[in-house]
Structures are given as structure tokens and as C-alpha cells.
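The values are calculated or read from the model by the stated rules, or taken from the named source; none is laboratory data. Remember, it's a predicted structure, so these values are computed and weren't measured experimentally. As a convention, Cβ positions derive from the backbone with ideal geometry for all residues, glycine included, and neighbour counts pool all protein chains shown. Note: areas computed on protein heavy atoms with side chains; ligands, DNA, RNA excluded. Shrake-Rupley method; radii C 1.70, N 1.55, O 1.52, S 1.80 Å.
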Amino acid sequence: MCLWCEAAEIWKGMVITVKDRKFWQGFLTGGLSVLACLLAVCIIWTASGKLDLGMAIQAQSGCIMNKELKGKMQQIQAYVDKYFLDDIDQSKMQDAVCKGMVDGLGDTYAAYYNESEYRDMKEKTSGNYCGIGAYVSQSATDGSISVVQPIKGSPAEKAGLRSGDIISQVDGASIEGMDLTAVVSKMKGKAGTKVELTVIRDNHPKTFHLTREEIHSQTVASRMLDGKIGYIAVSSFEEVTKQQFREALDKLEKKGEESLIIDLRNNGGGLLSTAVDMLNRLLPEGVVVYTKDKEGKKEVYRSDGKESFDKPVVILVNENSASASEVFSGAMQDYGKAVLVGTTTFGKGIVQTVFDLPDGTALKLTTSKYYTPKGRNIHGTGLKPDVSVELDDQTFTEEKSGLVIDNQLEKAVDYLKSR
């Protein structure tokens, strides 16, 4: 869940997004009536160019809407046509109808994206965009959107935004009830333009004025620690992360690392495909994660065993390690290839699939649960660390290299030195 977004795809708060042709085919055959209903409501128009809700509903004999709802929407259409004073923005009405249908599912992670929102989401998951430079996530319980971590050197960091700040307004307008991707879209814009953010910090509102910049996501940072311990911090799972992770690991190998710490604290997730690629670099041949949809159909993701990593590994996790972070950590833990140190992870064990619609918009739905190689689904519970260590904010020290040392990182170093 990074600042898409998403967000990532953080969505971020951030969200795993999978675009898989096999699943798309299964969705078309198994869920055609629901999707057709959505499309009909969105794109069926009268000859006058007005959105006719009644006609859209009637055109779908197999639609999930009952007679009462059909009648009610026809009544609304009639009142709008007869009494509404102003001109109707047909595009806005179309988007509102589609968003309303998806919102009715009661799924925090489901969303309908208009064309600009979808374009923004795809841009962010590539790792390059214009915005404020902060990873954000959305709560599954109350839908609030909070800052997970500002990107180093970004406008967000320069302005003083902090991890845990809850975003309440963008440019003076409340974001209550909005989807993460829509909020991120409001924060993004052309480089050099201004944006005003109001956040809640320590139960008090605080307003920041930021100037957007072009953000080139450096999602991976690495260095050598004492005792020939390699350290890699991964801030999100974006498209660029795969190559950045491999380059960091190769660099540490050349420097003679004898063990490795992978820091996934405050990593809200991102692309499942990126997590699988990183696991393929570290694990032997076998299943790294699998998903099950509502029909019990499995989709299995595997490591091909062509690469491996046989040195001791510690993965640092906390309550903000979510989604793809949990896929990665759970697989490494199940294979006995890593020890988890820190606190229990967020607990997002469900997968969202994004479906392209013909007009450039998109639909995101929760479509399956994911399971670790040993069959664990951690949705709502999270991954429990092998070594539990609560963060003590009184232990923070900063090295000349800029690395912040805390008691959780110290525990990981001590563990590896004792091996």
C-alpha cells in the first residue's frame, strides 16, 4: 500500500493487485452476469445522450438487481429528468453509478476507477510519478488513510509529514469515505504545482503546504553492517523493486556478506508478482504462495529453483508490514529460510484483481485468499514473529551513513552474530 498509490497498488494503504489472464478468463465465464450488469448500468444511454438507468436495468434479464430496485432506479431517473435544475454531467453520473454499485459490496478494498484514476494507479506501480512522495495505506476497519512512510528527500519528508499521520483533507476538501486510489490521485499532479494536506496528529489537525515533484521510487536501500551482515530495506513492492532488490543483493554478495537482514517494517505491500520474483531469487524449487477463489480454484505461484540463497536471514516486520510483505515473509518463514523479528504483521491475506473495462476505466475486486506454502491464511491475524521485540523509540541512534539503529535492528544483528 504505497502512494499510488496504492498503491499500489498502497495503496496505496496499501493492496495486492494481480492481473492474470487465466483469472480474467475464469471471471468472464463464472461472473459474466454481474460484470455485464455493471457495464450496462455504466454505458447504456438513451438517444438523447442521457444515462437511462431503467433501460440499463431492463437490458439485463440475468442481473442481480431485484424488481423493487429496478423500479426505484426508474423513479429516480424520472425525477431527475423532470425536476433537476442544472445541466447533468453525464460522465460524472456514469462514474457515480459505477462507484455506488461497487461501494455497495461493503468491501474496503474493492473500487471502481475512472479513466484518470486508473491511469494514475498504473503510473504509480511502475515506480515513477509526480506527487508528494509518501507511502500511504487504508485501514480495513474504518477506511481511514494514513501515512506509512515519507520517501527520503521527497516533498512529504521536507514538509514534515510523519508515519502515522491520518490524512483528513486534500486542498481543503474532506476525503472521508474515499478510496485510497482516489485520494492518491488528488495528491498527485504536475511537478511544481501546490497541494495542501490536513492530517490528524496526536488528535489535532495539522496543515501542510507541499510542492509536487517528480518521484522516481528507490524502493530498496542496502549497506553492510558490522560482522559482515548485509542489510536491505524494502519500502514497497513496485515494478522497479524486483531489479533493485537483485542488484542490492548482488552488491552485498560481492562485498562478502555472510548473513542478511531484510527490513520490511512499514512496507504496506504492492505487487504480488514482485514478491514472487524476489522469492524466486532466494528459495529452492517449490510453491511460494497460492490463492483460492470463491469456487475453491487454486492459482499456484512457484520458485523455479534456478537461484537460491543459503545464508542466515532475518526479516524485520511490524504491524505495518502488510499484503505482499506478508506473502514474502510467510514463504521465507515456512521454508525455514528466515527468522522473523519484530511485532505481528498487519494481517491482509486477501487478493485484489484489477479488471480493465473497454472505456479505459477499471474494476478492482477482492477475488481470492492467499496462503503460505504450508497453507496458512493470515487475514485478520497476521504473521507472528519468531522473536518478538516491541519497538523502543528511546533507542534510536543514527550512524554517519544515515541508517537509524533501533532495538529491533539491534536484536536482528545480535541474532545473526550468535549463529
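Side notes on the structure shown:
- Whichever residue in the stretch 260-291 is open to solvent by less than 30 Å² (accessible area, probe 1.4 Å) and β-branched (Val, Ile, Thr) and, among such residues, is farthest from Thr353 (Cα to Cα): Ile261
- Among the candidates Ala140, Ala159, Ala173, residue that is out of contact with any Cys (no Cβ under 9 Å at 6 or more places or on another chain), modelled with pLDDT under 90 and not aromatic (Phe, Trp, Tyr): Ala140
- Residue check, Ala182 of a type in the set (Gly, Ala, Ser), surrounded by 18 or more Cβ atoms within 10 Å (Cβ to Cβ), in contact with a Pro (Cβ under 9 Å, 6 or more places away or on another chain) and farther than 30 Å from Lys311 by Cα: no
- Filtered residue count, the stretch 355-396, keeping only those that are modelled with pLDDT under 90 and open to solvent by less than 80 Å² (accessible area, probe 1.4 Å): 1
- Consider the stretch 229-259 and keep the residues that are of a type in the set (A, V, I, L, M) and farther than 21 Å from Ser273 by Cβ. The one that is surrounded by the most Cβ atoms within 10 Å (Cβ to Cβ) is Ile229.
- Matching residues in the stretch 150-197 - criterion: being within 22 Å of the chain's Cα centre (by Cα) and among the polar types (S, T, N, Q): Ser154, Ser163, Ser168, Gln169, Ser174, Thr181, Ser185
- Condition met for Ser154 (closer than 21 Å to Thr219 by Cβ, of a type in the set (Gly, Ala, Ser) and open to solvent by 40 Å² or more (accessible area, probe 1.4 Å)): no
- Highlighted here are the helices (runs of 4 or more DSSP H) found entirely within the stretch 93-211 that include at least 3 residues which are under 18 Å from Leu357 (Cβ atoms): 115-126, 180-187.
- Residues satisfying the stated conditions in the stretch 63-79, i.e. over 30 Å from Asp356 (Cβ atoms) and either among the small types (Gly, Ala, Ser) or open to solvent by less than 40 Å² (accessible area, probe 1.4 Å) (or both): Gly71, Ala78
- Residue match in the stretch 237-245 (condition: in a strand (DSSP E or B) and under 25 Å from Cys130 (Cα atoms)): yes
- Scope the stretch 397-411; condition surrounded by fewer than 14 Cβ atoms within 10 Å (Cβ to Cβ) and not in a strand (DSSP E or B); matching residues: Glu399, Lys400, Ser401, Gly402
- Residue check for Pro284: touching a Gly at 6+ places or on another chain (Cβ under 7 Å) and either more than 28 Å from Gly164 (Cα to Cα) or at pLDDT 95 or above (or both): yes
- Scan of the stretch 309-344 for residues that are on the phi < 0 side of the Ramachandran plot, polar (S, T, N, Q) and open to solvent by less than 10 Å² (accessible area, probe 1.4 Å), ordered by number: Ser321, Ser325, Ser329
- Test: His209 is modelled with pLDDT of 95 or more and surrounded by fewer than 18 Cβ atoms within 10 Å (Cβ to Cβ): yes
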